[in-house]
Amino acid sequence: MKIAFFSTQPYDIQFFESANQAFGHELVFFTQALEPATTSLAAGAQAVCLFVNDQASESVIEALEKLGVKTIALRCAGFNNISLEAAKKADIRVCRVGAYSPEAVAEHATALLLTLTRKTHKAYNRVREQNFALSGLLGFNIHGKKVGVIGTGNIGQAFCKIMLGFGCEVTAFDLIANKEMEALGVSYAPLIEVLGADIISLHCPLNEQTKHIINTETLGYCKKGVTIINTGRGGLLDTKAVIDALKNGTIGALGLDVYEQEEKLFFKDLSSTIIQDDTIQRLMSFSNVLVTGHQGFFTIEAMEKIAHTTLENISNLENKLPLTTGNSIV
Ligand code: NAI
């Protein structure tokens, strides 16, 4: 099948070309993101392969239908950027990579957390300037802390296990309590209770219910100086409310791998441009905020699994075979 890849980076080409040796699809790579102006690039392809910031809105899907596209294959887990209703109407199948390496993202959330709790981002720069003084680097133990996990799907579960290993008391909020997690010692509680933890990590999808789940009101239930880690989606946080909470000390540390307006910034080298987004600039100006550019998924193991599963999904759809549980959306 001919597959048009959008938002392609050199590493996508490397991993997909290697995985495709087992599938033999025709792969066409575009660096452009999918949006109304770039939809025509999919002409001649039966499938498009999209990433987190490609926008398959209603009008884009209508245009894809006219081009004869039958499949939207997401090379990621989240699908908040796809109009599922429009896809259904256009009879376009949407598949994703439900679980490629939840540990990759959970470990990245832990990396953000450890950097913030022990201020290694500051220590790294300081030691390079031959400044070995410790003042300003005082951290706190993760061991013994209360950790609140919002969303205990694949990634949330992996994160819970890491935090249990650290000796934390883990409380979670999800629509469904997970029995395996409960057996391991995770207790489920209403959101407002979970928000009272020392450390909060977000692992739920972005949807109508979770948009701005961290906002001025919910921040009111947080402990003064709470550490918040977001590797989910930027829209889970009301960024303006978060900036106010950083200014008044409600949030003591913030680790972000995702950002509400990230599609204009992330996955690009903007080092020789003037960034016009004042909000991210303000966020990055806090010494207790650490931002990474959506790299939670970016490990060798995860990239190999993403490439293989995406191409396998497309082959299965082409051959009218069922998809692995969790990979089928529409
Ligand atoms: P998943 O589908 O396995 O788990 C999501 C969990 O959230 C489920 O247990 C679900 O019941 C729960 N949930 C849904 N609505 C909720 C609500 N209103 N309140 C509380 N919980 C709710 O998804 P997975 O693989 O664990 O991924 C989670 C999210 O992480 C993805 O949706 C995606 O946005 C993000 N992600 C980020 C990556 C990165 O590189 N930073 C990479 C992969 C995913």
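The figures follow:
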| read-out | value |
| --- | --- |
| Some residue of segment 189-197 being free of Cβ contacts under 8 Å to residues at least 40 places away in the same chain, open to solvent by 30 Å² or more (accessible area, probe 1.4 Å) and under 28 Å from GLY98 (Cα atoms) | yes |
| Out of VAL242, VAL186, sole residue that is hydrophobic (A, V, I, L, M, F, W, C), more than 27 Å from LEU283 (Cα to Cα), open to solvent by less than 30 Å² (accessible area, probe 1.4 Å) and in the same structural domain as TYR124 (by TED's automatic domain parsing) | VAL186 |
| Number of the condition not met by PHE132 [criteria: (1) without any contact (Cβ under 8 Å) to a residue 60 or more places away in the chain; (2) assigned to a helix (DSSP H, G or I); (3) open to solvent by 10 Å² or more (accessible area, probe 1.4 Å)] | (2) |
| For SER101: the one exception among (1) away from the ligand (no atom under 16 Å from the Cβ); (2) touching a residue at least 60 places away in the same chain (Cβ under 8 Å) | (1) |
| Number of positions in segment 164-183 that are part of a helix (DSSP H, G or I), within 15 Å of the ligand (Cβ to nearest atom) and either closer than 18 Å to ALA106 by Cα or at pLDDT below 95 (or both) | 2 |
| All strands (runs of 3 or more DSSP E) inside segment 196-304 with 2 or more residues being under 25 Å from LEU175 (Cβ atoms) | 199-202, 226-230, 251-256 |
| Residue satisfying all of: in segment 198-213; within 13 Å of the ligand (Cβ to nearest atom) and among the β-branched types (Val, Ile, Thr); surrounded by the fewest Cβ atoms within 10 Å (Cβ to Cβ) among these | THR210 |
| Verdict on ALA47 being out of contact with any Phe, Trp or Tyr (no Cβ under 8 Å at 6 or more places or on another chain) and open to solvent by less than 10 Å² (accessible area, probe 1.4 Å) | yes |
| Failed criterion for GLU263 (all others in (1) at pLDDT below 95; (2) in contact with a helix residue (DSSP H, G or I) (Cβ under 7 Å, 6 or more places away or on another chain) hold) | (2) |
| Of all residues in segment 214-230 being open to solvent by less than 10 Å² (accessible area, probe 1.4 Å) and β-branched (Val, Ile, Thr), the one that is farthest from the chain's Cα centre (by Cα) | VAL226 |
| LEU191 assigned by TED's automatic domain parsing to the domain that holds ASP277 and either closer than 26 Å to CYS76 by Cα or near the ligand (Cβ under 10 Å from one of its atoms) (or both) | yes |
| Search result, residues across segment 72-85 that are in contact with a helix residue (DSSP H, G or I) (Cβ under 7 Å, 6 or more places away or on another chain) and open to solvent by less than 10 Å² (accessible area, probe 1.4 Å) | ILE72, ALA73, ARG75 |
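The values are calculated or read from the model by the stated rules, or taken from the named source; none is laboratory data. Being a predicted model, the structure only gives us computed values, none of them experimental. Because the Cβ atoms are built from the backbone with ideal geometry, glycine has one as well, and the counts that use them run over all protein chains shown. Remember, those area values only see protein heavy atoms, side chains included, never the ligands or the DNA or RNA. Shrake-Rupley method; radii C 1.70, N 1.55, O 1.52, S 1.80 Å.
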